[in-house]
Structures are given as structure tokens and as C-alpha cells.
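**Student:** Here it is: the structure, laid out below.
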Amino acid sequence: MKAAAVYPGKHSTGLANIDEPKVMGPHEVKLRILTVGVCGTDREICAFEYGEPPSGFDYLVLGHESIGEVVEVGPEVSTLKPGDLAVPMVRRPCNHPECAACRAGRQDFCYTGDYTERGIKERHGFMTELVVDEEVYMNKMPADLREIGVLTEPLTIAEKALEQVLAVQKRLPWGCPGGEVGYCHKAVVLGAGPVGLLGAMALKNAGFDVVVYSKRPAPNTGAEIAAKIGVKYISSQETPIDKFALETGNIDVVYEAVGASQFAFDVLKVLGTNGLFVLTGVPSIHAPVTVDTDTIMRNMVLKNQALIGTVNAGKQAFESAIADLGAFNRKWPDAVRALITARYPLDRFQDPIESHEGIKSVIEIAK
Ligand code: BGC
């Protein structure tokens, strides 16, 4: 069967012919892959700056954002049956007995760094026709979300961030009048790519007062999607950071989804009292930049601020993402569909990797 592959040693990408995987264990599930998303991580892997093939292979099968249809299950599988839709998780635990996180099923917090990731680090990905994996890494997707289910994995970034926001803010009395969290809190989303816009949807759906702050002036597709979900869009080219902060009021949460460190740390300077700044972007390494550390440190202390990073996502975040996708589909069916701006067949997988336009490009492998 065909698979989208990257050959780091040869500095090339192309379609590989690989063997069909077989269900070998009692807990295994075989999926016929329907759709696979392309993201910045895939572009970095194809630029040979990131990612690693499994040992013994000179290539890595790409793809970590996916949805598939179950075609076969092992005899002990109880939550899925042929015909069901499922989204597989990306990260697999390390083998070290002392890694408390991996041993607790929270490989998104792996201590050793020896985790593996499908389509990224030492495990083949999902940009192929059939894949087999353990039931425990599969998440059942309702049939009515078939068309947009590929957005689950990028949405898990926001779901885990939200989980972290609620956990970290337990450090202080954070409830709104009436006791709830959310509606009295201002959340700023940095970036209007897929991770940013899905984050804006998740934060809005959780009740936050959300503003998207992104580079490009409106009109553009991201700004249109923000408008469709009732979220303000402000361009950083038109409104500089200090003016933006003044107009926005106390910024309770910043959800960063641009991967540009200078911009992120410039915005950190205007985080509000008791505010929490969540970094999700992974920048490529450039020359060091200048950051106003005195102001940042002074604010962080005097305003009780917190800065955290978050990577990958656990089972709970996949489950919340699936539930939230259902909610977005009911509330904003057009906006959530508008995130997928291009669909390509498998043999053209390099096109959206080489030239990036729109919001989310996907590879359609089967219907
Ligand atoms: C993926 C994560 C992964 C991270 C780092 C992201 O694109 O969504 O699952 O942990 O890259 O490899």
C-alpha cells in the first residue's frame, strides 16, 4: 500500500510502498485511514529539521492528525467495532519504569524524553491507507463528525491547555461572581492558524471572553472565522501591543499559537493581574532576540503571573476534543468547516507541505 514518506538521510520525500499492517494482538484495531491533516510539524519534518524514522528504517511515514474507519478488531477489543470512526493518539510512552508520567498513562508529560510519536518520532504515522494500533490509543468519533473529525488532534492542544489553565488557576480564588470560571475572564489567542482558531472556539465554548490577536490585517480567512464564532479579531500590524492591552483590559489568559518567540514575550509584558500565559508553539531556533526581562520579572512577581508550556495531549484531552467538536458543529457548523481550506489526494501530499496557504490543508486518502 502507498504511504507518504520522508527520507531524512537522502533529504527527500515521496510515496513509499509499504506492507499492509496486520492485527496481531487481542487489543489491536485496524483503521482504514480517511483523512490526515498537515501541520507545521510535518513541514519541519519535510525540511529535515525535526522528526526521526523508526529504528531500522531510512524513512518515516508522515501524518499525526488523522481520522479512520475501523475495519478489523482483535478478540479483546470492547469499545470499537468495524464501521466505527476513530482518531488515534500520537504519543506512546517510554519504557523506563521510573517515568511516573508514562507509567500513569500521561506520556504527554514524559520525564525521560524517550517517548515515541506516530508520524514524528521513531514511529510511522498515519498518512497511508491502513494502520494498526492498540485500542487504548484509539478514540471513538461520532459518525456525524466524519467530515471534520481530522481536526480532533490539533484541537487537543487547546483542550490540554484549557485543562492546564483550570488546574493552574486553582492557585487563587478565580471563580466569576456566581462561582463559575470563564465568562468574566478575558482570553487572548495569539495567532489565527488552525491551533489558534480551534483554541478560540474551545475558549469561547468554555465561556471565556475571547479576542484573537494575529499579524495580518482583516479581511482574511482567519478573521472571517473569528467573526463567525462571535470573537473579536485584532491585527498586530494595525494595533500595537500596548494599545491592544489598553483596549482589552485585564488579560486573564493568553493562549499562544504562533510559535514566534519575540511576539510571545512582547505580549507577556501586558499579561494582566493573576494572569496565566500558555505557550503551545514550537519555534525553530534563530539568533537570540532581545526581551525586556526586568519588566517581565517585575510584573510576574507583583501581579502573581504564571507562564507555562504545554505539548501533546493525553486521553482526556482527546475525549474533550471530540465532545467539543460536536459542540462546535452544533453552534458554528460553517465556521468549523471553514477551517479546512484545501483537500489533496495522497499522491499530492507534498503540495500543501511545500506551499502553505489557507488555514488547514488535509490529505484525503479514502471517503
Ligand atoms: C503534535 C504533538 C507533538 C508535537 C511535538 C505537534 O505537532 O501535535 O502531538 O507532541 O508536535 O512533536
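The values are calculated or read from the model by the stated rules, or taken from the named source; none is laboratory data. What you see is a predicted model, and the numbers here were worked out from it, not measured in a lab. For neighbour counting, all protein chains shown are included, and Cβ atoms are generated from backbone atoms with ideal geometry for every residue, glycine included. Heavy atoms of the whole protein, side chains included, go into the accessibility calculation; ligands, DNA and RNA do not. Shrake-Rupley method; radii C 1.70, N 1.55, O 1.52, S 1.80 Å.
**Student:** If you place +1 on the Cβ of every Lys and Arg and -1 on the Cβ of every Asp and Glu, how big does the dipole about the Cα centre of the chain come out, in debye to the nearest 20?
**Tutor:** On the way: 37 positive and 46 negative charges, 148 e Å.
The calculation lands at about 720 debye.
**Student:** If you plug each phi of segment 150-159 into the Karplus form 6.51 cos²θ - 1.76 cosθ + 1.60 with θ = phi - 60°, what whole-Hz ³J(HN,Hα) values come out, in order, with x for Gly and Pro?
**Tutor:** 3J(HN,Hα) across segment 150-159, in whole Hz: 5, 7, 4, 4, x, 5, 4, 4, 5, 5.
**Student:** Simple spin-label model, 7 Å along Cα-to-Cβ: Val289 to Asp114 in nm?
**Tutor:** 3.6
**Student:** A further question on this structure: Using the Cα centre as the reference, give the magnitude of the dipole from point charges on the C-beta atoms of segment 156-309 (Lys, Arg: +1; Asp, Glu: -1; all else neutral), rounded to the nearest 20 debye.
**Tutor:** On the way: 13 positive and 13 negative charges, 19 e Å.
So the magnitude is around 100 debye.
**Student:** Just to be sure I follow the definition: excluding the sites themselves, where is the longest run in the chain that has none of the GluC sites (Glu not before Pro) in a DSSP loop with at most 15 other Cβ atoms within 10 Å? Each step should come with its number before you reach the end.
**Tutor:** Numbers: sites that count: Glu49, Glu76, Glu98, Glu147, Glu180, Glu238, Glu357.
Segment 239-356 is the longest.
**Student:** Quote to one decimal, in nm, the extra length available between Asp144 and Phe57 on full extension: 0.36 nm per residue of separation minus the C-alpha distance between them. List each step's numbers first, then the result.
**Tutor:** Values: separation 87, 0.36 × 87 = 31.32 nm, distance 3.76 nm.
Between Asp144 and Phe57, full extension yields an extra 27.6 nm.
**Student:** While we're looking at this one, here's another question. How big is the gap, in Å, between the Cα center of segment 161-175 and the Cα center of segment 326-356?
**Tutor:** 32
**Student:** Can you send over the carbon and sulfur percentage of the accessible area for the chain, probe radius 1.4 Å, protein chains only? Don't skip to the answer; put the middle values down first.
**Tutor:** On the way: 8540 of 16330 Å².
Here it works out to 52 percent.
**Student:** Go ahead and set up a Gaussian network model of the chain, Cα springs under 10 Å, then flag whichever of Val77, Val150, Val267 fluctuates most.
**Tutor:** Of the options given, Val77 has the highest mean-square fluctuation.
**Student:** Is any residue of segment 99-139 close enough, with backbone N under 20 Å, to a label point placed 7 angstrom from the Cα of Glu319 along the Cα-Cβ axis, and if so, which?
**Tutor:** Taking a point 7 Å out along Cα→Cβ of Glu319, the residues of segment 99-139 whose backbone N falls under 20 Å are 101-110, 134-139.
**Student:** Just to confirm the number: angle between the C-alpha axis of helix 315-331 and the first principal axis of the chain, 0 to 90 degrees, nearest 10?
**Tutor:** Long axis of 315-331 versus the principal axis of the chain: about 70 degrees.
**Student:** What value, in deg cm²/dmol to 500, does the helix sum -39500 (n - 2.57) over DSSP H runs of n ≥ 4 give at 222 nm once divided by the residues of the chain? Present the calculation step by step, with values, prior to reporting the outcome.
**Tutor:** Details: 11 runs with 102 residues, N = 367.
That calculation yields -8000 deg cm²/dmol at 222 nm.
**Student:** According to the square roots a ≥ b ≥ c of the eigenvalues of the Cα gyration tensor, what is the shape class of segment 135-269, taking rounded for a/c under 1.5, prolate for a/b larger than b/c otherwise, and oblate for the remainder?
**Tutor:** oblate
**Student:** Okay, next question. Can you find, among Gly68, Gly309, Gly14, the residue farthest towards the positive end of the dipole of the chain? Put +1 on the C-beta of Lys and Arg, -1 on that of Asp and Glu.
**Tutor:** Gly309
**Student:** Using only the alpha carbon atoms of the chain, find the Kirkwood hydrodynamic radius as the inverse mean reciprocal pair distance, in angstroms to one decimal.
**Tutor:** Numbers: mean 1/r = 0.0469 Å⁻¹.
Its Kirkwood hydrodynamic radius stands at 21.3 Å.
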